[in-house]
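Every read-out reported here was derived from the displayed coordinates using simple, explicitly stated rules and does not represent laboratory data. Note that the coordinates shown come from a computational prediction; the quantities given were computed from them, not determined experimentally. Cβ: placed from backbone, ideal geometry, glycine included. Neighbour counts: every protein chain shown.
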Amino acid sequence: MADTRFFNNNGPFSLAEVAEICDAELRDAGQKDIRIKELATIDKAGEGDICFFYDKKQKAKAASIKATACVTTEELASLLPSGVAVLVCANPHLGFMKLNYALYSEPRPQPEIRPSAVVSASAVLGKNCYVGDNVVIEDNVKIGDNCIIEANAVISRGCEIGSNCRIGVGAHISHCLMGNDCYIYGGARIGWDGFGFMMTNGQHKRIPQVGRVIIGNDVEIGANSCIDRGALDDTVIGDGCRIDDLVMVAHNVKLGRGCILVSQTGIAGSCTFGDYVVCGGQTGFADHLNVGSGAQVGAQSGIMRDIEPGAVVMGSPAVPIKDFMRQVSYLQKAVKK
């Protein structure tokens, strides 16, 4: 259950309301007025709590559930103790997410500009924005409605941020045009110089990085991740992308819609991803690669060649997943000889 020091509890909800939120069926209609105060795990749920039970691997725990109510599948419903109100849901995992959103929410600061914030006279802020302590918003910045700019964030000159965006504590946004409904987590660095140098007379000379970062709508960029601006062309993050903490996206990279980059992924310059590419943790990409839509890359893989759309690869250098599994099996057998 959520700690109310950090999250608002919007309950209690009746089981009738829970059923509607989760798109579930309450098996006993006479229980529709029972009230639920908290959402908890099957191990910790007690009186007044609701839990979700949809993992077949946890069948052994079903008999010990002490929650007032439980959302489960048709297949597992018969395993619940008789004293537990049963809600049957075709997709309990989705139901859990919906109920979590409904029951708990993060406190939202009231719109204001804190006295310690420094906001340029030429910056334009939309309605109902919150600008936290020690925030710096430079010249000619444009920020849409209902945005939250948290303490110590810096929005460099000329940047544009859409509506309903949240910029986390200590994040720095530079050379960037951002869409609506984006969340940039604390410490992220968006739009700094790409890593471009040329050896001249025995010295590494910095190549000017004069591109931008273009971020679409509904994008999340995790804590302490870095998105470099383009050297000449723009770095582009497509609509709906989810970028985890500690991810590096180099200059001129282009991500399609809905890509997922898990923590410690590193993408070298000028790579182009299609839509809905998924990269496991600690994956690394050489520069100037093309990764097709729907491709999946296993954790700790090293990508040195283009990947076809829909391919599933793993290893370093990465190979099709079946080939990788054969390699592992062969090595295990060879070690035993």
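With r defined as the distance between the Cβ atoms of D139 and Q327 and R0 fixed at 41 Å, what FRET efficiency is calculated, to the nearest 0.05?
0.15
Please state the relative contact order of the chain as a whole percent: Cα pairs under 8 Å, 6+ residues apart?
Across the chain, relative contact order equals 7 percent.
Taking the square root of 5 times each eigenvalue of the Cα gyration tensor, what semi-axes in Å does the equivalent ellipsoid of the range 68-133 have, largest first?
48, 12, 7
Convex hull over the alpha-carbon atoms of the range 8-105: what's its volume per residue in Å³?
Hull volume normalised by residue count: 82 Å³.
At 222 nm, what value in deg cm²/dmol follows for the chain if DSSP H runs of at least 4 each add -39500 (n - 2.57) and the sum is divided by all its residues, to the nearest 500?
-3500 deg cm²/dmol
Taking the number of other C-beta atoms within 10 Å as the exposure measure, put E138, E74 in order starting with the fewest.
Sorted ascending by nearby Cβ count, the order is E74, E138.
Can you give me the convex hull volume of the Cα atoms of the range 186-295, divided per residue and expressed in Å³?
That works out to 88 Å³ per residue.
Can you list the chymotrypsin sites (Phe, Trp or Tyr not before Pro) in the range 190-237 that are in a DSSP coil and have 16 or fewer other beta carbons within 10 angstrom?
Taking the range 190-237 and a limit of 16 other Cβ atoms within 10 Å, the loop chymotrypsin sites (Phe, Trp or Tyr not before Pro) found are F195.
Please sort 157-166, 24-33 by packing, taking for each peptide the average over its residues of neighbouring beta carbons within 10 angstrom, highest first.
157-166, 24-33
What's the ranking of 239-252, 107-120 by average number of surrounding C-beta atoms within 10 Å, highest first?
Top to bottom by mean Cβ count within 10 Å: 239-252, 107-120.
Round to a whole angstrom and tell me the spacing of the C-alpha centers of the range 36-57 and the range 214-268.
36 Å
May I ask you to list the lysines whose Cα is less than 19 Å away from that of K37, ignoring any residue fewer than eight positions away on the same chain?
K66, K98
Going by amide H atoms built from the backbone, whose H comes under 5 Å of the H on I237, apart from near neighbours?
I214, I215, G216, L255
Can you return the aspartates and glutamates within cross-link range of K333? Criterion is Cα-Cα under 19 Å, with same-chain partners fewer than 8 residues away left out.
By straight Cα distance, K333 reaches D323.
When the scattering of the chain is computed by the Debye formula from its Cα atoms alone, each counted once and equally, what is log10 I(q)/I(0) at q = 0.06, 0.08 Å⁻¹?
The computed values of log10 I(q)/I(0) come out as -0.31, -0.54.
Taking a cut-off of 27 Å between Cα atoms, list the lysines near K254, but don't count ones fewer than 8 places away on the same chain.
List returned: K142, K205.
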